[in-house]
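The values are calculated or read from the model by the stated rules, or taken from the named source; none is laboratory data. The structure presented is a predicted model; accordingly, all values stated were derived computationally and were not measured. When we count neighbours, we look across all protein chains shown, and the Cβ atoms used for this are built from the backbone with ideal geometry, even at glycine.
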Amino acid sequence: MCALAQMTLSEGATDFIDDARLTGLLREAAPDRAGVRDIIDKSLSKQPLAIEETADLLAADDPELVEEIFEAARRLKREVYGNRLVLFAPLYIGNHCVNECAYCGFRRSNRDVIRRTLNETELRQQVAALENHGHKRLILVFGEHPRYDADFIARCVLTVYGVRVGHGSIRRVNINAAPLDHDGYRLVKEAGIGTYQVFHETYHHETYARVHPAHTRKGDYLYRLDALSRAMEAGVDDVGIGALFGLYDWRFEVLGLVSHALHLQERYGVGPHTISFPRLRPASGIDPPREHLVDDHAFKRLIAILRLSVPYTGMILTARERPELRREVMAFGVSQIDAGSRIEIGGYTEAGDAQCMEREQFELGDIRSLDTVMRELMTDGYIPSFCTACYRLGRTGEHFMEFAIPGFIKRFCTPNALSTLDEFLADYATNETRAVGRKLVEAEIARMDEGKLKTQLLDRLRRIETTDERDLFF
């Protein structure tokens, strides 16, 4: 059995979360309306907000100001990302774990959970099932255990990329796994990963210590906080951060996330590629803390404020949430969602319509099919996208600055999104979804300016619909 990564730190590692400062900011008096509106205007000019400015937005709880924050988030989403939404699916590889996280169904002492690790044949079967539904982008999820070392993760990534079923292929594999050392990150980078996610869960030191026992790997606050700094130093230029909302005051966690994003930006010249904001959910065999559960209104506020604070960072809304809430908050700045998700080990081939709590880390709120979610998105005017062009052409990390390039969305993002959508419609969609999709594609093309780009896109769509050509991108 392979050993866990050595607990080395990045060069100049530092604990940049100052609990007293962040708590003090949250206790300050709310700014006047003019001050809040000045901050909103700064964000709408696509400038990242300072911690103090984010705290001011968090303090603005007047209903009229809250609605202005919501509307600003909607506007910023439209201006930076257009009407595209990127789709992916999670694929759980193994749930063995050495940690004792108080909120997690995979915790070491949980005797209710069914432990399992997919072997190579089972992994291929899961990927084939996902491809048969139209997925192109996956995130592989691993417990923290010696068997899930960097070499194992890299081999899983290569296996996933090697599965081809019909027109299906996985074009981007992201990772959600334990922190690695520098050599480990280099190894998984060589395997062709996209984003490496490490969620800090809670940035509040006392709470972190309470839910992550000191005798466990995850109990080392600084080692985990420093995880993505090591990744950056090792050449992984796309990283994802996140907090589990419900462990501590949601406002503090927002400040923690923004502090983390600013730290990476200041130190490495590029902030996180994505921010995730999952809420605490029920799980088999655990009794999670309930003091700081986040209600729907606060959840909407935190999403909108995060969008205004980090205008250019991708934001991920997961299937933990109910369909009706997901539909509402997507407009607040969400750029990626998962769909057709199953988080049981082996769930894409073995699970039925009901969830099996003993086989999953937590309960999902939305287990609708990919086809159903796609149809709803298109009905609401979104372009569901599986595009991976930027990553494969080297437009990553500090180069992945689509917001700074005039016309980027018009020239690259929308045409590539329409191409990947057309693939789904041609190969996987039900008749009802295909009809909705064709109507959306026609409307988007009608809005495009006449010229070479439109002519090229029309030719690519024709080839997708009449030949076996796929993966055509600008």
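Exactly one condition in (1) surrounded by fewer than 17 Cβ atoms within 10 Å (Cβ to Cβ); (2) closer than 29 Å to Thr54 by Cα is false for Leu76; which is it?
(1)
Can you find, within region 356-375, the residue that is modelled with the lowest pLDDT among those that are among the acidic types (Asp, Glu) and over 16 Å from Arg108 (Cα atoms)? Quick ask: steps written out before the conclusion?
Filtering region 356-375 for residues among the acidic types (Asp, Glu) gives 358, 360, 363, 366, 371.
Now drop any that are not over 16 Å from Arg108 (Cα atoms), which leaves 363, 366, 371.
On the way: Glu363: 69, Asp366: 86, Asp371: 97.
Checked region 356-375; the qualifying residue modelled with the lowest pLDDT is Glu363.
Given Val211, Val188, which one is assigned by TED's automatic domain parsing to the domain that holds Ile139, within 20 Å of Asp18 (Cα to Cα), of a type in the set (A, V, I, L, M, F, W, C) and surrounded by 19 or more Cβ atoms within 10 Å (Cβ to Cβ)?
Sole residue among the options that is assigned by TED's automatic domain parsing to the domain that holds Ile139, within 20 Å of Asp18 (Cα to Cα), of a type in the set (A, V, I, L, M, F, W, C) and surrounded by 19 or more Cβ atoms within 10 Å (Cβ to Cβ): Val211.
Taking region 295-328 as the region of interest, how many residues are under 20 Å from Lys46 (Cα atoms) and not in a loop (DSSP other than H, G, I, E, B)? If you could, list the steps in order and put the result at the bottom.
Quick first cut of region 295-328, residues under 20 Å from Lys46 (Cα atoms) only: 301-316.
Next cut, not in a loop (DSSP other than H, G, I, E, B) only: 301-309, 314-316.
Adding up the residues that qualify gives 12.
Got a sec? Which helices (runs of 4 or more DSSP H) wholly within region 189-260 have at least 2 residues that are small (Gly, Ala, Ser)?
Working: elements: 205-211, 221-225, 227-233.
Those helices (runs of 4 or more DSSP H) span 227-233.
Which ones in region 431-474 are of a type in the set (Ser, Thr, Tyr), under 23 Å from Gly168 (Cα atoms) and surrounded by fewer than 13 Cβ atoms within 10 Å (Cβ to Cβ)?
Thr466, Thr467
Matching residues to (1) in contact with a Lys or Arg (Cβ under 8 Å, 6 or more places away or on another chain); (2) over 28 Å from Thr388 (Cβ atoms); (3) surrounded by fewer than 21 Cβ atoms within 10 Å (Cβ to Cβ):
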position	(1), (2), (3)
Ala283	no, yes, no
Ile286	yes, yes, yes
Ile305	no, yes, no
Arg322	no, yes, yes
Arg327	no, no, yes
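Kindly indicate whether any position in region 126-134 is of a type in the set (Asp, Glu) and within 23 Å of Tyr391 (Cβ to Cβ).
Looking for residues that are of a type in the set (Asp, Glu) and within 23 Å of Tyr391 (Cβ to Cβ), one finds at least one in region 126-134, hence yes.
Do we find that Gly35 is of a type outside the set (Val, Ile, Thr), touching a residue at least 12 places away in the same chain (Cβ under 8 Å), touching a Phe, Trp or Tyr at 6+ places or on another chain (Cβ under 8 Å) and over 30 Å from Ile383 (Cβ atoms) in this structure? Give the derivation first.
Details: of a type outside the set (Val, Ile, Thr): yes; touching a residue at least 12 places away in the same chain (Cβ under 8 Å): yes; touching a Phe, Trp or Tyr at 6+ places or on another chain (Cβ under 8 Å): no; over 30 Å from Ile383 (Cβ atoms): yes.
Spelling it out, it is not the case that Gly35 is of a type outside the set (Val, Ile, Thr), touching a residue at least 12 places away in the same chain (Cβ under 8 Å), touching a Phe, Trp or Tyr at 6+ places or on another chain (Cβ under 8 Å) and over 30 Å from Ile383 (Cβ atoms).
Tell me, which residue of region 30-51 that is surrounded by fewer than 19 Cβ atoms within 10 Å (Cβ to Cβ) and under 20 Å from Phe299 (Cα atoms) is modelled with the lowest pLDDT? Walk me through how you get there before you give the answer.
Let us first name the residues in region 30-51 that are surrounded by fewer than 19 Cβ atoms within 10 Å (Cβ to Cβ), namely 30, 32-35, 37-38, 41-42, 44-47, 50-51.
Still in the list and also under 20 Å from Phe299 (Cα atoms): 30, 51.
Details: Ala30: 81, Ile51: 97.
The selected residue is Ala30.
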